[in-house]
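The values are calculated or read from the model by the stated rules, or taken from the named source; none is laboratory data. The shown structure was predicted, so the numbers you read here are calculated from the model rather than taken from an experiment. Cβ: placed from backbone, ideal geometry, glycine included. Neighbour counts: every protein chain shown.
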Amino acid sequence: MLTIRAPAKLNLTLEVLEKRPDGFHEMRSVLQAIDLYDTLHFESGRGVSFQCDMEGWSAEESLVSKAASLMQEVAGDSQGAVITIEKRIPLMSGLGGDSSDTVAVLRGLNKLWGLGLPKEKLLELAAQLGSDVFFFLHGGTALVEGRGEKVTPLPSLPKMWVVIIVPDVPVKAGKTARMYAGLKDSYYTDGNITEKLVTVLKEGKGFRLSMLFNVFENIASGDFDVRRVYVEHLIKLGAPHVHLAGSGPTLFTMFKDKEKAGEFYTRCRNQGMKAYLAATI
C-alpha cells in the first residue's frame, strides 16, 4: 500500500488587486502549509474508486475524481486503483483540503502506476483542476500570484503554532465564488501588504503577526454572522489576533510559543469549539 499525506494551508496574506478581463481575480498571497493532514492510501484495483471516513464527503463533488480521470487518460484506461482517504481537514473550510487531496491523487497515481511523470507534467495537469492545486505541488511557504497559477517558493516562516477554530455555521457549495463576487472595488489593494511579508521572509527577520491580512475579512461577517461572536470570544480567551482562513469560515490564531498555543487550544476545546492544533511546515 502506498500512503501520501496531504497538508492543509493558511493564507498569511490574501490580497485581490483587480478583476481580470477573463472574469477571474488577480490576487497576491503568501501561503503556508501546516501539519494538519489528510492521509490517502493507494492500492491497485479495477477502475478507480474512492472511500472516505468523513461524513458528507463525496468523490463526485471533489476534484480528486477529476484528477484520477486525468491520470487515467495519461496512463490508459486499463490502470485502476482503490483510494482510501482518512480525512482530518474540515470540508469547505478555507484550508485547501480538497486541493491538497487532489495533488496527493496526482502524485499517488503517478507512483502507483509507475508513470514517472515529471513535476512539469503534473503542473500541466494541475492547470485543469483549480487555483490552489498549484501551491500544493510546491508546499512549504510560497508567494502565489495571478489566479493562483504563479507560485514562487519562499524561505520558510519561523516555526509557529496555529490554533484553528471551525465555527458552527452552515457552509454551502460555491462559497469561494460568492466571496469573490462580494468584493467591492474599495477592497482591492496594490500587493504591497504581501510584498512586505515576502521581503521579511527573504531577509529572515522581522516577522510580526500584525503582517497577516485577508481581504475576505472585509465581507466575511456578512456571510458568517456567528463569526463576529467567535472572534470576540476568542480574543477574550487569549487569542493574540484572529484571522480568516482563505475564504472561511475557519478562523485561526498563531503563537510563537508551543506551550501557549497548547493552553489556548485546550481552552477552546473546553468551551466546546471544534478546534485543531497545528504547526507550520
>> Any residue that is over 12 Å from the mean Cα position of the chain (by Cα), over 22 Å from GLY45 (Cβ atoms) and in a helix (DSSP H, G or I) - is there at least one of those in segment 124-131?
In response: yes
> Of the residues that sit in segment 95-123 and are in a loop (DSSP other than H, G, I, E, B) and out of contact with any strand residue (DSSP E or B) (no Cβ under 7 Å at 6 or more places or on another chain), which one is surrounded by the most Cβ atoms within 10 Å (Cβ to Cβ)?
Replying inline: TRP113
>> Suppose we filter SER65, SER49, SER99, SER69 for residues that are farther than 23 Å from PHE135 by Cα and among the small types (Gly, Ala, Ser); which single one remains?
In response: SER49
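Considering each of ASP77, ASP101 in turn, give the residue that is of a type in the set (D, E, K, R) and in contact (Cβ under 8 Å) with a residue 12 or more places away in the chain.
Exactly one residue qualifies, and that residue is ASP101.
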> Restricting attention to segment 27-66, and to residues there that are basic (Lys, Arg) and either surrounded by fewer than 20 Cβ atoms within 10 Å (Cβ to Cβ) or farther than 23 Å from GLY246 by Cα (or both), which single residue is modelled with the lowest pLDDT?
Replying inline: ARG46
> Can you name every residue in segment 150-191 that is of a type in the set (D, E, K, R) and modelled with pLDDT of 90 or more?
Replying inline: LYS150, LYS159, ASP190
> Looking at segment 70-111, which of its residues are at pLDDT 95 or above, among the polar types (S, T, N, Q) and over 23 Å from SER29 (Cβ atoms)?
Replying inline: THR84, ASN110
>> Return the pair list, or none, for Cβ contacts closer than 7 Å from residues in segment 48-64 that are at negative phi to residues that are surrounded by fewer than 17 Cβ atoms within 10 Å (Cβ to Cβ) and among the charged types (D, E, K, R), at least 6 apart or on different chains.
In response: ASP53/GLU86
> Where residues in segment 257-272 are crowded, with 20+ Cβ neighbours inside 10 Å and not small (Gly, Ala, Ser), which of them is nearest to ASP38 (Cα to Cα)?
Replying inline: TYR265
> Just a yes or no: is a residue in segment 137-144 hydrophobic (A, V, I, L, M, F, W, C), more than 30 Å from PHE213 (Cα to Cα) and not in a loop (DSSP other than H, G, I, E, B)?
Replying inline: no
